[in-house]
Amino acid sequence: MCENHDALSQAYLNYRAELIEAGLLIPSGVDGVYGRGGLFEDIIQRFEALVTQAGAPFKPEVMRFPPIVSRQTYLKTDHIENMPDLMGSVHSFCGNEREQRKMVEKAHAGEGEWVEALSATDVMLVPAACYPLYPAATGRLSKEGRLVDLKTFVFRHEPSVDPARMQSFRQREYVRLGNPQQALSHRNEWLERAEKIHRSLGLDVQVVAANDPFFGRAGKMMKASQLEQELKFEIVVPICSEEKPTAITSCNYHLDHFGLAFDITTAEGEPAHTACIGFGLERIALALFKTHGLNPQAWPASVKKELEL
Ligand code: ZN
């Protein structure tokens with residue numbers, strides 16, 4: 001087991017070194033935090049064009065939110081109960097000049113405690129691209145419900161040498177708000193659509209029932225119940241390991257969780273149900289580079305055609 005673990009870490013380190021060497025990722029000195037090179041971004045943009053095209057017939061509303069969200073919104077999502085170890089909080093300096101001088105002295109002396117001079121601001125880093133939407137959707141939906149196209153950087157505090165496990169990465173989402181039937185069909189139809197998109201790019205994906213990384217002992221029950229109710233599906237593909245494939249896209253049915261928390265109701269006045277599909281853009285690019293090689297010009301003709309390369 002230990003041997004496997006070492007082999008896997010080595011595979012992560014090797015792939016990361018290749019990506020950095022090729023200029024696709026730019027290291028920052030912190031595991032999981034990278035700049036992206038031009039070619040990496042180009043592949044992401046081409047992939048996103050496919051996502052936009054697949055969504056166009058349904059005329060989604062396009063909304064873009066910054067990668068920070070109000071603390072109040074954050075607290076309404078239950079993230080603090082479910083995934084406290086992944087959260088990111090924004091702090092700043094609110095002291096006087098004397099306190100500032102002390103802080104700078106400590107910082108220059110290399111004392112980590114300088115951060116104790118900071119205090120929490122009104123914002124948290126966004127943990128999932130759809131969170132900022134819900135407070136903006138409070139109120140009564142029309143009979144048709146809503147379909148929203150979102151994209152933002154999200155934060156997960158999970159430093160890792162696995163290049164596919166970034167601390168800051170982009171999710172492109174389509175979120176459905178409506179009655180249970182509308183939310184569930186969204187989840188199911190997009191799962192199928194997304195699988196097709198990934199397969200058309202030569203990715204040997206599998207759809208699996210999944211659970212979120214709920215925290216602690218209570219989290220174990222949450223995981224089991226999420227699996228049992230089939231609320232979350234992931235599209236996975238081997239990147240650094242065949243045995244431990246990586247989730248590149250996920251489809252979630254939240255039941256009335258966000259409808260209740262943010263007072264979103266259906267046309268009939270019932271708590272709205274929501275579902276989202278989230279494409280992990282960096283992971284998809286990493287899967288493409290791993291599967292087809294680091295030079296997109298040498299990728300299979302069918303893949304190049306799909307991506308208009
Ligand atoms: Zn979402």
Q.
Please compute the Kirkwood hydrodynamic radius of the chain from all pairs of different C-alpha atoms, in Å with one decimal.
A. 21.0 Å
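Provide the three semi-axes, in whole Å and in decreasing order, of the ellipsoid equivalent to the stretch 143-223 as defined by the square roots of 5 times the Cα gyration tensor eigenvalues.
25, 20, 15
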**Q.** Most positive-pole-ward Cα, His91, Leu288, Asn188, against dipole of the chain from beta carbon charges
**A.** Asn188
(Q) Given R₀ = 25 Å, what would the calculated FRET efficiency be for Glu242 paired with Leu294, taking r from the Cβ atoms and rounding to 0.05? (A) 0.80
Q. Which whole-number percent of Cα pairs in the stretch 182-238 have a distance greater than 16 Å?
A. 52 percent
Q) Could you state the per residue volume, in Å³, of the convex hull enclosing the Cα atoms of the stretch 65-152? A) 125 Å³
Q. Counting only protein heavy atoms, what percent of the accessible surface of the chain is carbon or sulfur at a 1.4 Å probe?
A. 53 percent
Q. Over the Cα atoms of the stretch 221-295, what Rg and Dmax result, in angstrom?
A. 16.8, 53
Q. Which whole-Hz couplings ³J(HN,Hα) result when phi for each residue of the stretch 78-92 is put into the Karplus expression 6.51 cos²θ - 1.76 cosθ + 1.60, θ = phi - 60°, listed in order with x for Gly and Pro?
A. 6, 4, 5, 7, 8, 9, x, 6, 9, 5, x, 10, 9, 10, 8
Q. Among Gly55, Gly112, Gly216, which one shows the biggest mean-square fluctuation in a GNM of the chain, springs joining Cα atoms closer than 10 Å?
A. Gly112
Q: Just list whichever of Lys220/Lys290; Lys151/Lys290; Lys76/Lys196; Lys59/Lys290 have alpha carbons separated by over 26 Å in the model shown.
A: Lys220/Lys290; Lys76/Lys196; Lys59/Lys290
(Q) With a cap of 16 neighbouring Cβ atoms within 10 Å, and only residues DSSP puts in a loop, list the GluC sites (Glu not before Pro) found in the stretch 188-236. (A) Glu230
Q) Counting Lys and Arg as +1 and Asp and Glu as -1, each charge on the Cβ, what is the dipole of the stretch 53-155 about the Cα centre in debye, to the nearest 20? A) 560 debye
Q | Per residue, in Å², the accessible surface of the stretch 102-254 once ligands and nucleic acids are set aside, probe 1.4 Å | A | 48 Å²
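How would you order 78-89, 157-168 from highest to lowest mean count of nearby Cβ atoms within 10 Å?
Working: 78-89: 15.3, 157-168: 19.0.
Those peptides, ordered most packed to least, come out 157-168, 78-89.
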Q | Dimensions (Å) - the stretch 149-305, Cα atoms, principal axes, largest first | A | 55, 38, 27
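So if R0 is 30 Å, what FRET efficiency would Lys305 and Leu39 give, r being the distance between their Cβ atoms, rounded to the nearest 0.05?
It comes to 0.95.
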Q. How big, on average over all directions, is the shadow cast by the Cα convex hull of the stretch 1-135, in nm²?
A. 13.7 nm²
**Q.** Rg/Rh ratio calculated on Cα atoms of the stretch 118-175 (Kirkwood radius)
**A.** 1.09
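The values are calculated or read from the model by the stated rules, or taken from the named source; none is laboratory data. Please read all numbers here as calculations on a predicted model, not as lab measurements. Positions of Cβ are generated from backbone atoms using ideal geometry, with glycine treated the same way; all protein chains shown enter the neighbour counts. Side chains are part of the model used for accessible areas, which takes the heavy atoms of the whole protein and leaves out ligands, DNA and RNA. Shrake-Rupley method; radii C 1.70, N 1.55, O 1.52, S 1.80 Å.
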